[in-house]
Amino acid sequence: MQLEIFTTGGTIDKVYFDAKSTFEVGEPQILEVLREANLSIEYQVTPLIRKDSLELTNEDRAIIRLAVEKSMAEQVVITHGTDSMTDTARELIGISGKTIVLTGAMQPARFRFTDAVFNIASAMMAAQTLSAGVYIAMNGQIFDPCKTRKNIELSRFECA
């Protein structure tokens, strides 16, 4: 397997529930995004967690780390909520021999206008081309998780 994609929830997977008039994390949306992309690389999607990233615990991050460590793939993408993406990325530092890229979206993948497709594509390309380490792919840039933050006011990531 060339690349493994782990899903953990977040806005990228949010769906609207009419009965509740609210958004909740639903099934991983990346399968539909990749199906429409006509990819020619080998990949596997592994759902891990279905939570908003503000609800992720240290135990959840340990589950993510263990899954990445056990993966046979050297190239890993993790879809993740943006609010605590940098926290999870920092917990993955030190896993050797793998290029790990976290990405997410400011708008759900099901929306007509979403950054999810671009961010997923950026993360997959980054995982294939960058040297081993942990990165964040958001807003058309690759970030060092130790030197970045989410700017809530501008809805984007930036160097800290």
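Normalising by the residue count of the stretch 3-159, find the relative contact order in percent from Cα pairs under 8 Å and 6+ residues apart.
Worked out over the stretch 3-159, it gives 24 percent.
Taking DSSP loops as anything outside H, G, I, E and B, show the longest stretch in the chain free of trypsin sites (Lys or Arg not before Pro) there with at most 14 other beta carbons within 10 Å.
21-111
What are the ³J(HN,Hα) values, in whole Hz, obtained from phi via the Karplus relation 6.51 cos²θ - 1.76 cosθ + 1.60 with θ = phi - 60°, for each residue of the stretch 3-12 in sequence order, with x given for Gly and Pro?
Result, ordered by residue: 9, 10, 10, 9, 10, 10, x, x, 4, 3 Hz.
Please compute the alpha carbon radius of gyration of the chain, then divide it by the globular-protein estimate 2.2 N^0.38 Å. Two decimals is fine.
The value comes to 0.95.
Where a Cα-Cα gap under 13 Å defines reach, which aspartates and glutamates qualify for residue 70, not counting those fewer than 8 residues away within the same chain?
Cross-link targets: 4.
Can you pull out the GluC sites (Glu not before Pro) in the stretch 65-160 that DSSP calls coil and that have at most 12 other Cβ atoms within 10 Å?
Details: sites: 69, 74, 91, 153, 158; in loops: 74, 153.
Taking the stretch 65-160 and a limit of 12 other Cβ atoms within 10 Å, the loop GluC sites (Glu not before Pro) found are 153.
Points 7 angstrom from Cα along the Cβ direction at residue 144 and residue 130: gap in nanometres?
Placing both labels 7 Å along Cα→Cβ, they lie 1.2 nm apart.
Once amide H atoms are placed 1.01 Å from N in the peptide plane, what residues at a sequence separation of 5 or more from residue 133, or on another chain, have their amide H within under 5 Å of its amide H?
Here 98, 99, 100 satisfy the definition.
Per DSSP H run of at least 4 residues, take -39500 (n - 2.57); add these up for the chain, divide by its residues and hand me the 222 nm value, nearest 500 deg cm²/dmol.
Values: 4 runs with 42 residues, N = 160.
Here the helix-only value at 222 nm equals -8000 deg cm²/dmol.
Give me, ordered by chain and number, the residues 5 or more places off residue 77 or on other chains with an amide H under 5 Å from its own placed amide H.
4, 5, 6, 101
For the stretch 92-104, just list the computed ³J(HN,Hα) in residue order, Karplus coefficients 6.51, -1.76 and 1.60, θ = phi - 60°, integers in Hz, with x standing in for Gly and Pro.
Per-residue couplings from phi come out as 8, 4, x, 6, 8, x, 10, 9, 10, 10, 9, 8, x Hz.
To the nearest Å, what is the center-to-center distance of the stretch 34-70 and the stretch 80-142, using C-alpha atoms only?
11
How are the Cα pair distances of the stretch 33-77 distributed, in percent, across 5 Å bins from 0?
Whole-percent P(r) values from 0 Å outward: 5, 16, 24, 20, 17, 13, 5, 1.
If each residue of separation counts as 0.36 nm, what is the full-extension length gain between residue 74 and residue 155 once their alpha-carbon separation is subtracted?
Length gained, residue 74 through residue 155: 26.1 nm.
Only the coordinates and a few stated rules stand behind these numbers; no lab work does. Fair warning: this is a prediction, and the values are worked out from it, not measured in the lab. Backbone-built Cβ (ideal geometry, glycine too); neighbour counts: all protein chains shown.
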